[in-house]
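Asks: Questions regarding the structure given below will be posed in turn.
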Amino acid sequence: MDEFEAVPPPPARPPAPRDEALERLGAQPWDVLVVGGGITGAGIALDAASRGLRVALVERDDLASGTSSRSSSLVHGGLRYIEQYGFGLVRESAAERERLRKLAPHLVRPLRFTIPHQGRKRTSLLGVGLWMYDSIALFRGPSRHRRLEPHDVVERLPGLTAQLDGFGYEYSDCRTDDVRLVLAVVRAAERHGATVLTRAEVVEVRRAAGRVVGATVRDRLSGRSVGVSARWTVSATGVWADDLRAMAEAGTPMLRPSKGVHLVFPAELLRVRTAGVVPSVAGDRRSVFLIPWGGQVLVGTTDDSYDGPLDRPAVDQRDADYLCAAVNRAFGTALSAADAVGAYAGLRPLLHGEQDKEVGTDRLSRRHALLVETPGLLTVTGGKLTTYRAMAVEAVDRLADDLGGAKARRRSGTGRIALGLRGDFGEAVARTELLCERVGVDPALARGLVERHGDDAPELVELAARHGEDGPLAPGAPYLAVEARWAVEREHALAVADVLQRRLKVARRVADGGASAAPRVAALLASAQGWGSAQAERSVAEHLAGVRDERGPVPLAAPAAV
Ligand code: FAD
């Protein structure tokens, strides 16, 4: 246990009431005001707060409502960056992957990939790439790559038909749940004293004597605005970074978002035992990956150029056809968007310089950028979910000299701050199983609860037993009814979508998009927030409209019977 911070975390507490947080925001000067509650902002808030700085984080929508809930949820070195000679990025990502496996062993779990290939020449090139991938990670990854005989490939991807005569390779990376990772980091930041407020939008950057000195924050629920003074404002606004830069009149636009899409199919339709990578059929050298996800399979691809609106990106027919064509060729299936149970799209904040304008988004930099174009405003964007912690260290180090004082100059301690589970994953599951038996909850539920909630799992079990909420929240999704209560009481959820689209990804995993569970979630929110029935109905309707828009050609089924 020495590898973790010395002070044990205080017991999990509900977040402070919003009114209090809003009051506090305007009442005191902050060392650091973080704008954006995705993984980048969460990481910076934790890093700064754990050095002892006074930190506030504001998010205009929900935590992780931007790109950080729309990723492929991989914590990975990034195999394809080897092909682009991005060895530094792979080294950093692989080191962060290993660190996160220790800090959040429940949330960052090994995932095996199978890459089927035909033809020995390409296979050997891939073998060299995988050897480099392992060696850059100093052979510390979840397991080393190996060459597979054709029958091994079929055993791992039983549905595969197109490449039955081919060899293949297996390698390992890690999977996570992007939203739960953000929540774990936010909760750690709060534990270290950060104030976090959602539905709080920066509408103006405040300046004095040529310096940014804070921001005007509008509470989107009450419409009230507060002036927030901060010695440094850090914009962690992802693909919206240019908006904040424009408010501060800093530089010309620098972001060129790329779009990635995912379809979710029932596991019966796509037989895969490991994750897999198959080529696209568009002759564009891109790949499509398949990741087993409980009773579903996630099929996705990233990096299509994009010039649509930044808010609420959606899957379209072309995206769905692209994914289905690749899968159908490899697996001999005839899948279409109509067979999927869910779909989502996300925008990656990629950076371009003038010279990159003609380059495809797959070749733009995954590196992050830290920019101070106006004193008092630091913009941090780009990068990956995987490297958020390293980005945060660099960002707060950058502010340290200017902030001055012993606290700012402290070295980052986030490499030792556990993110929701201190100790061994297996032991936590065993302890939770025992508790389940004692209170009359099915012990088979313990593993999933620990995976999603770490050290909080026993408290959820007790709550489930007390409220009779150990049944499924929605048919076909692995989440329990008690987890919706937890989201509302402990995890800053303020709308039905916050629960069913993000904290629990019901909307992507069931054909009705969570319609059957929505009234129950709305009732929990109504009692926590004092809503009337009209507001509860509005929240359900907004959730369903959001799901329908996002999934595009994937049909939204009628509510399943609960
Ligand atoms: P965001 O998550 O977008 O957060 C920015 C936040 O700022 C938003 O919540 C927004 O509401 C808020 N905001 C904006 N303006 C304001 C304002 N004025 N006031 C207050 N708040 C504001 N990386 C990996 O490591 N592994 C993967 O498997 C992976 N898969 C990906 C798949 C896809 C399809 C995409 C698109 C990206 C993927 N990535 C992956 C990259 C990774 O998801 C992103 O780099 C990361 O999530 C970006 O996080 P962020 O916090 O910078 O941005």
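Asks: Give the number of residues within segment 205-219 that are more than 10 Å from the ligand (Cβ to nearest atom) and either of a type outside the set (D, E, K, R) or buried (at least 22 other Cβ atoms within 10 Å of the Cβ) (or both).
Replies: Pass one, segment 205-219, residues more than 10 Å from the ligand (Cβ to nearest atom): 206-214, 216, 219.
Of the ones still in play, those that are also either of a type outside the set (D, E, K, R) or buried (at least 22 other Cβ atoms within 10 Å of the Cβ) (or both) are 208-210, 212-214, 216.
Number of matching residues: 7.
Asks: Could you say whether any residue in segment 194-204 is part of a helix (DSSP H, G or I), in contact (Cβ under 8 Å) with a residue 60 or more places away in the chain and open to solvent by 30 Å² or more (accessible area, probe 1.4 Å)?
Replies: Keep residues of segment 194-204 that are part of a helix (DSSP H, G or I), which gives none.
Scanning segment 194-204, I find no residue that is part of a helix (DSSP H, G or I), in contact (Cβ under 8 Å) with a residue 60 or more places away in the chain and open to solvent by 30 Å² or more (accessible area, probe 1.4 Å), so the answer is no.
Asks: Within segment 123-138, identify whether any single residue is of a type in the set (S, T, N, Q) and touching a helix residue (DSSP H, G or I) at 6+ places or on another chain (Cβ under 9 Å), and answer yes or no.
Replies: No, segment 123-138 contains no residue that is of a type in the set (S, T, N, Q) and touching a helix residue (DSSP H, G or I) at 6+ places or on another chain (Cβ under 9 Å).
Asks: Can you say whether P257 is more than 13 Å from the ligand (Cβ to nearest atom), touching a strand residue (DSSP E or B) at 6+ places or on another chain (Cβ under 7 Å), in contact (Cβ under 8 Å) with a residue 12 or more places away in the chain and open to solvent by 10 Å² or more (accessible area, probe 1.4 Å), as far as the supplied structure shows? Give the steps one after another, and end with the answer.
Replies: Values: more than 13 Å from the ligand (Cβ to nearest atom): no; touching a strand residue (DSSP E or B) at 6+ places or on another chain (Cβ under 7 Å): yes; in contact (Cβ under 8 Å) with a residue 12 or more places away in the chain: yes; open to solvent by 10 Å² or more (accessible area, probe 1.4 Å): yes.
In short, no.
Asks: Next up: Among (1) at pLDDT 95 or above; (2) within 12 Å of the ligand (Cβ to nearest atom); (3) within 21 Å of L378 (Cβ to Cβ); (4) of a type in the set (D, E), there is one condition E92 misses while meeting the rest; what is its number?
Replies: Evaluating E92 over (1) at pLDDT 95 or above; (2) within 12 Å of the ligand (Cβ to nearest atom); (3) within 21 Å of L378 (Cβ to Cβ); (4) of a type in the set (D, E) leaves (1) as the failure.
Asks: If I filter segment 27-86 down to residues being in a helix (DSSP H, G or I) and touching a Lys or Arg at 6+ places or on another chain (Cβ under 7 Å), which single residue comes out as nearest to the ligand (Cβ to nearest atom)?
Replies: Initial filter on segment 27-86 (in a helix (DSSP H, G or I)): 27, 39-50, 67-69, 80-83.
Add one more test, that the residue is touching a Lys or Arg at 6+ places or on another chain (Cβ under 7 Å), and what stays is 43, 67, 69, 81.
Working: G43: 8, T67: 4, S69: 7, Y81: 11 Å.
Top of the filtered list is T67.
Asks: Still on this structure: Failed condition for F425, given (1) under 21 Å from R180 (Cα atoms); (2) open to solvent by 30 Å² or more (accessible area, probe 1.4 Å); (3) in contact (Cβ under 8 Å) with a residue 12 or more places away in the chain; (4) not β-branched (V, I, T), with all others met?
Replies: Failed condition: (2).
Asks: Which of the following residues is open to solvent by 30 Å² or more (accessible area, probe 1.4 Å), of a type in the set (D, E, K, R) and within 16 Å of the ligand (Cβ to nearest atom): D319, D339, D284, D307?
Replies: Numbers: D319 fails: open to solvent by 30 Å² or more (accessible area, probe 1.4 Å); D339 fails: within 16 Å of the ligand (Cβ to nearest atom); D284 fails: within 16 Å of the ligand (Cβ to nearest atom).
D307 is the lone residue from the list that is open to solvent by 30 Å² or more (accessible area, probe 1.4 Å), of a type in the set (D, E, K, R) and within 16 Å of the ligand (Cβ to nearest atom).
Asks: Just checking: which of the helices (runs of 4 or more DSSP H) contained wholly in segment 467-559 hold 2 or more residues that are more than 23 Å from L181 (Cα to Cα)?
Replies: 518-529, 533-551
Asks: Okay, next question. Inspect all residues belonging to segment 376-387 and state whether any of them is buried (at least 23 other Cβ atoms within 10 Å of the Cβ), in contact (Cβ under 8 Å) with a residue 60 or more places away in the chain, assigned to a loop (DSSP other than H, G, I, E, B) and among the polar types (S, T, N, Q).
Replies: So far as segment 376-387 goes, yes, one or more of its residues are buried (at least 23 other Cβ atoms within 10 Å of the Cβ), in contact (Cβ under 8 Å) with a residue 60 or more places away in the chain, assigned to a loop (DSSP other than H, G, I, E, B) and among the polar types (S, T, N, Q).
Asks: Filter segment 220-245 for residues that are surrounded by fewer than 21 Cβ atoms within 10 Å (Cβ to Cβ), away from the ligand (no atom under 11 Å from the Cβ) and not basic (K, R) and give the result.
Replies: Of everything in segment 220-245, those that are surrounded by fewer than 21 Cβ atoms within 10 Å (Cβ to Cβ), away from the ligand (no atom under 11 Å from the Cβ) and not basic (K, R) turn out to be L221, S222, G223, S225, V226, G227, S229.
Asks: Please specify each residue of segment 99-138 satisfying the condition of being open to solvent by 80 Å² or more (accessible area, probe 1.4 Å), at pLDDT below 95 and outside any helix (DSSP H, G or I).
Replies: Scanning segment 99-138 gives Q118, L138.
The values are calculated or read from the model by the stated rules, or taken from the named source; none is laboratory data. Nothing here was measured: the structure is a model prediction, and the numbers come from that model. Backbone-built Cβ (ideal geometry, glycine too); neighbour counts: all protein chains shown. For accessibility, only protein heavy atoms count, side chains too; no ligands or nucleic acids. Shrake-Rupley method; radii C 1.70, N 1.55, O 1.52, S 1.80 Å.
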